[in-house]
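S.K.: Please see the structure below; I have some questions.
The values are calculated or read from the model by the stated rules, or taken from the named source; none is laboratory data. Note that the structure is a prediction, hence the values are computed from the model and not measured. A quick note on method: Cβ atoms are made from the backbone with ideal geometry, for glycine too, and the neighbour counts reach across all protein chains shown.
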Amino acid sequence: MASTAHFALHRCELAAVPAVSLDGSRAHALFGSADVWLGAMVPKRWAKRAVTRNAIKRQIYHVASHFESGLAVAAHVIRLRAGFDRMVFPSATSDALKVAVRNELQQLLTRATQATPSDLTSQ
């Protein structure tokens, strides 16, 4: 796992995902192809307004698209783990908030692309 002040990146190797259903019978793999998969999780706890959550998710997907070639073939989830101070960023979609989110995501993904695979694998 890589993290910054507001974000955490979790990774799960695709080979580690079991292809067995809950009743024990054989099932299809969770991911149909070996590729870089990315998800974003922005809890209401840390971003109260829907417009802010959606803006942060858009930033996550946009910034991650530039780093996709450097990420390992795995399922990745970027999670907002702390809120941005509403006193500093009073507007839900201010340019200042977008720049702060973008800069922090670039730091996070730069660390993730430079880290060894064992550094990011979730247990």
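S.K.: Just for helices (runs of 4 or more DSSP H) wholly inside the stretch 33-123: which have at least 1 residues that are basic (Lys, Arg)?
M.R.: Per the criteria, 50-67, 95-114.
S.K.: Exactly one condition in (1) of a type outside the set (Ser, Thr, Tyr); (2) under 20 Å from GLN114 (Cβ atoms); (3) at pLDDT below 90 is not met by LEU22; state its number.
M.R.: For LEU22, the exception is condition (2).
S.K.: Checking the conditions here, which among ALA96, ALA50 is farther than 18 Å from ALA2 by Cα and surrounded by 12 or more Cβ atoms within 10 Å (Cβ to Cβ)?
M.R.: Going through ALA96, ALA50 in turn, just one is farther than 18 Å from ALA2 by Cα and surrounded by 12 or more Cβ atoms within 10 Å (Cβ to Cβ): ALA96.
S.K.: In the stretch 25-38, which residues are closer than 29 Å to SER94 by Cα and either of a type in the set (Phe, Trp, Tyr) or at pLDDT 95 or above (or both)?
M.R.: Result: TRP37, single match.
S.K.: When the residues of the stretch 2-13 are narrowed to those that are out of contact with any helix residue (DSSP H, G or I) (no Cβ under 6 Å at 6 or more places or on another chain) and surrounded by fewer than 18 Cβ atoms within 10 Å (Cβ to Cβ), which ends up farthest from ALA75 (Cα to Cα)?
M.R.: Once the filter is applied, the top-ranked residue is ALA5.
S.K.: Select, from GLN59, GLN106, the only residue that is touching a His at 6+ places or on another chain (Cβ under 9 Å), among the polar types (S, T, N, Q) and either surrounded by 14 or more Cβ atoms within 10 Å (Cβ to Cβ) or in contact (Cβ under 8 Å) with a residue 60 or more places away in the chain (or both).
M.R.: GLN106
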